[in-house]
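Trainee: Attaching a single structure in structure tokens format; questions to follow.
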Amino acid sequence: MQNSLWLSNINNISSSKVANNIDSDVCIIGGGLSGVYTAYLLAKKGINVALIEAKDAVGIGTTGHSTGKLTPQHGLVFSKMLKTFSKEEVRTYFDANWKAINQALQDAPVDLYQNVDSFIYSTTDEGKQTLQDEFNAYKTLDLPGIETTETELPFSVTGSIKMPDTYQIHPTNFAIHFAKHALKEGAQIFVRSRVTKIVMDENYVLTEDDHRVSYKHLVLCSHYPIESIKGLYTTKLSVERSYLLATKTSELLKGQYLSVDSASRTIRTALISNTPYFIYGGTSHTAGTKKNTQNYYDTLKSEMTSVFDLTDPTYCWSAQDPDTPDLMPYIGQITENESNIFVATGYRKWGLSNSLVAGEIISSAITREKHRAADIYSPSRGNFGLKFIRALKILGLVTTNLAGGYITRIEAPKCTHLGCKTKWNEGDETWDCPCHGSRFDKNGNVIEGPAVYPLKLKK
Ligand code: FES
């Protein structure tokens, strides 16, 4: 198994398992940034919150495998979103992220974040044209952005758009900070407690140790929602896997970078225990479809050592991101009819700022205050055509792998979510499911849902 830079030397909260039946006003499943920030905002309003995390600690799942970029510059999102959403809606998306970041930072100590500029850049003529289209969207939407070819990168670029006054964080420490403050405000946070069943008719969830957590409102922040049948999330989300490396470097960059060329790359630095690290990543593919994933790490390693003249990485990790057909995350009521169940997912690769937006939208909905961005993020929004095309693509993947699951079970274990054939991931030493992104360690234990039960492995 590979290891993330963010998971070394962290001082996590001390919490215990769910050890008996519990009553709560709001039960939150998932202790990543979405879950802990939602818990923090609700607990501050005096609401009785119980957050349940399956892993040993908070902020160590998807949050702890991110890049730690806290910015509303989400790649080429604005020009693409303008093809589906109105100008006002896309501007609302930007404003929601910008405001949520700045609001959260008001409640965080200054040593928990760094102010940096965000850049999207190209090194090819094709990429330069794509950047031009994106910059036109910046002008249409009146977004803060500057065209420049001046960067700190050790190669020339054909273009770039700089968004000033954005941030970078240590994502796990950031989540821990809000978890600690949620606890201070009276929230209960439980770890090592996997939810295996949601009984919606009777408003409770069941943990793997058969303890009930009753709720008035339920919030699913477990990345890929474990309740994925209601609202048809199994057909509305695709899952991408990408790779990251970190090694020691001599100096910190003033910016954080993302290339828009076809082989996209992400670049930033971080100061960890007074040591500067260089973080380099990219090379994505549909999760669970590749066996030789070590190749992806090797490609990045070779580029990092040759282009940036750095030593071999000391940390390598991969990240998995659910993606929506129209690029807008699903944040809000899980369906129009379930007014007390909320979901936050589909952040693409921009989960940190969207987690903060999720905290605001969901906590506002629970306290009956309408958030300005609630409608555009609503999981019940339109764009049926795009959803239909995505559904067909995912159903094709599911059908192929479901059939494979029954036919060739001897080679690879069957996923415990809906029975697709898993694939062995050599680089990370995990069993990955291509259908909805469940992951299992080499012993079959669940690393990532929507599956909640371990694999049955043959000895
Ligand atoms: Fe759904 Fe595996 S994640 S079948």
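Trainee: Which numbered condition trips up K197, out of (1) part of a strand (DSSP E or B); (2) open to solvent by less than 10 Å² (accessible area, probe 1.4 Å); (3) modelled with pLDDT under 95?
Mentor: (2)
Trainee: Read through the list (1) crowded, with 17+ Cβ neighbours inside 10 Å; (2) modelled with pLDDT of 95 or more; (3) not β-branched (V, I, T), then give the number of the only condition that Y297 fails.
Mentor: Unmet for Y297, out of (1) crowded, with 17+ Cβ neighbours inside 10 Å; (2) modelled with pLDDT of 95 or more; (3) not β-branched (V, I, T): (2).
Trainee: So, of the residues in the range 59-100 that are in contact with a Ser or Thr (Cβ under 8 Å, 6 or more places away or on another chain) and of a type in the set (A, V, I, L, M), which turns out to be nearest to G359 (Cα to Cα)?
Mentor: If we take residues in the range 59-100 being in contact with a Ser or Thr (Cβ under 8 Å, 6 or more places away or on another chain) and of a type in the set (A, V, I, L, M), then A100 is nearest to G359 (Cα to Cα).
Trainee: Can you tell me which residue in the range 14-52 is least open to solvent (accessible area, probe 1.4 Å), limited to those that are closer than 15 Å to G186 by Cα, charged (D, E, K, R) and part of a loop (DSSP other than H, G, I, E, B)?
Mentor: D25
Trainee: Then there's this: Please state which one of Y167, Y138 is closer than 19 Å to A270 by Cβ and in contact (Cβ under 8 Å) with a residue 12 or more places away in the chain. Show your work before the answer.
Mentor: Numbers: Y138 fails: closer than 19 Å to A270 by Cβ.
Answer to the selection: Y167.
Trainee: Spot the failing condition for E429; the list is (1) open to solvent by 70 Å² or more (accessible area, probe 1.4 Å); (2) within 14 Å of the ligand (Cβ to nearest atom), and only one is missed.
Mentor: Evaluating E429 over (1) open to solvent by 70 Å² or more (accessible area, probe 1.4 Å); (2) within 14 Å of the ligand (Cβ to nearest atom) leaves (2) as the failure.
Trainee: Report whether or not L244 is crowded, with 20+ Cβ neighbours inside 10 Å and either closer than 29 Å to A287 by Cβ or not aromatic (F, W, Y) (or both).
Mentor: Spelling it out, L244 is indeed crowded, with 20+ Cβ neighbours inside 10 Å and either closer than 29 Å to A287 by Cβ or not aromatic (F, W, Y) (or both).
Trainee: Any residue that is part of a loop (DSSP other than H, G, I, E, B) and either at pLDDT 95 or above or surrounded by fewer than 24 Cβ atoms within 10 Å (Cβ to Cβ) (or both) - is there at least one of those in the range 351-365?
Mentor: For the range 351-365, residues part of a loop (DSSP other than H, G, I, E, B) and either at pLDDT 95 or above or surrounded by fewer than 24 Cβ atoms within 10 Å (Cβ to Cβ) (or both): absent.
Trainee: If we keep just the residues of the range 55-66 that are assigned to a loop (DSSP other than H, G, I, E, B) and of a type outside the set (G, A, S), which is most open to solvent (accessible area, probe 1.4 Å)?
Mentor: Within the range 55-66, the match that is most open to solvent (accessible area, probe 1.4 Å) is D56.
Trainee: Inspect all residues belonging to the range 312-319 and state whether any of them is open to solvent by 20 Å² or more (accessible area, probe 1.4 Å), at pLDDT below 95, of a type in the set (G, A, S) and within 27 Å of S34 (Cβ to Cβ).
Mentor: Within the range 312-319, not a single residue is open to solvent by 20 Å² or more (accessible area, probe 1.4 Å), at pLDDT below 95, of a type in the set (G, A, S) and within 27 Å of S34 (Cβ to Cβ).
The values are calculated or read from the model by the stated rules, or taken from the named source; none is laboratory data. Given the structure is predicted, the values throughout are model-derived calculations rather than measurements. Backbone-built Cβ (ideal geometry, glycine too); neighbour counts: all protein chains shown. Please note that ligands, DNA and RNA were not included when accessible areas were found on the heavy atoms of the full protein model with its side chains. Shrake-Rupley method; radii C 1.70, N 1.55, O 1.52, S 1.80 Å.
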